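Read the figures in this text as sums done on the coordinates, not as results from a lab. Every value quoted in this text rests on a predicted model; they were computed, and no experiment measured them. For neighbour counting, all protein chains shown are included, and Cβ atoms are generated from backbone atoms with ideal geometry for every residue, glycine included.
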Amino acid sequence: MANRKEITRDDIIPMEKYGPIRKQMRIDLRPMKKRRQVALGPVATVTFENYDTMFHQVHEMLFIERGGEEQIPDELEAYNPMIPKGRDLAATVMFEIDDRAQRQAFLAKLGGVEETMFLRFAGEEIVGKPEEDVDRSTADGKASSVQFVHFHFTDEQVEKFRQPGTEVTLGFTHPKYAHMTVLPEDTRTALAEDFD
């Protein structure tokens, strides 16, 4: 079966039915999400999203905010772009520093980080493209603690990425956060399934 690429209004579970199954859905999602999540440097976590992770996120937003029917279009508009469309990967990056003052000081130096994310594999380099819904860096150079980045592939790049054992490096070239990591094979395999 082809990967689902969009959550529709018909997919939304009514909140009175979602509430009782919410905890179990989160538990069921955990192993799949774990395969799609990597640490990148000391304070960044990258989650590669798909239909299932965004389906859960939309329902969580609806459940927590209780905006009812009027809220649904906004959530679909916000989260559907993060579902891969067949020749891309979509990543949520979270910079996590518990201390508020330290976090603010760190993010103040990280402006434009969303423009510097890359994937390298088999002689290829794909520079990430930030989600265009909101500017994630302010004019004074402060980055948001959450970034949304897309990686667009050619057919040839998809075939190279899909090859078992392909070493895939994920990283940033930002001068204040130039960190890289090699994706575990289990993660590369999970992400390869996002392509048509």
(request) With a/c under 1.5 counting as rounded, go ahead and sort the range 61-129 into rounded, prolate or oblate using the C-alpha gyration tensor (a ≥ b ≥ c being the square roots of the eigenvalues; past the cut-off, prolate if a/b is larger than b/c, else oblate). (result) oblate
(request) Note the full-extension length gain between ARG22 and ALA108 as 0.36 nm times their separation in residues minus their Cα-Cα distance, in nm to one decimal. (result) 27.3 nm
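If you scale each eigenvalue of the Cα gyration tensor by 5 and take the root, what three semi-axes come out for the range 85-196, rounded to whole angstrom and sorted largest first? Each step should come with its number before you reach the end.
Values: eigenvalues 156, 41, 28 Å².
Its equivalent ellipsoid spans semi-axes of 28, 14, 12 Å.
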(request) Give the Rg (one decimal place) followed by the Dmax (whole number) of the chain, computed from C-alpha coordinates and expressed in Å. (result) 17.3, 50
(message) Suppose every Lys and Arg Cβ carries +1 and every Asp and Glu Cβ carries -1, with no other charges. What dipole size does the chain come out with about its Cα centre, to the nearest 20 debye?
(response) 740
(request) Please give every one of the lysines within straight-line cross-link reach of LYS129, meaning a C-alpha to C-alpha distance under 23 Å, and leave out same-chain neighbours fewer than 8 residues apart. (result) LYS5, LYS33, LYS85, LYS109, LYS142, LYS160, LYS176
(request) Could you check which residue among GLY111, GLY123, GLY19 shows the biggest mean-square fluctuation in a GNM of the chain with a 10 Å Cα cutoff? (result) GLY123
(request) Rank these for me by crowding, ARG162, ARG9, going from fewest to most other beta carbons within 10 Å. (result) ARG9, ARG162
(request) Please express the shape of the range 33-149 as an equivalent ellipsoid: the semi-axes are the square roots of 5 times the eigenvalues of the C-alpha gyration tensor, given largest first in whole angstrom. (result) 24, 20, 14
(message) Which of TYR18, TYR51 has the fewest other C-beta atoms within 10 Å, and how do the rest follow up to the most?
(response) TYR18, TYR51
(message) Once you keep just the Cα pairs under 8 angstrom separated by 6 or more residues, what percentage relative contact order results for the range 9-192?
(response) 22
(request) Choose one of MET25, VAL38, ILE7: the residue whose Cα lies farthest towards the positive end of the charge dipole of the range 1-43 (beta-carbon charges +1 Lys, Arg; -1 Asp, Glu; about the Cα centre). (result) VAL38
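Dividing the alpha-carbon radius of gyration of the range 1-74 by 2.2 N^0.38 Å (N being the number of residues), what value is obtained? Intermediate values should be presented prior to the final figure.
Details: Rg = 13.9 Å, N = 74, 2.2 N^0.38 = 11.3 Å.
For the range 1-74, the normalised Cα radius of gyration comes out at 1.23.
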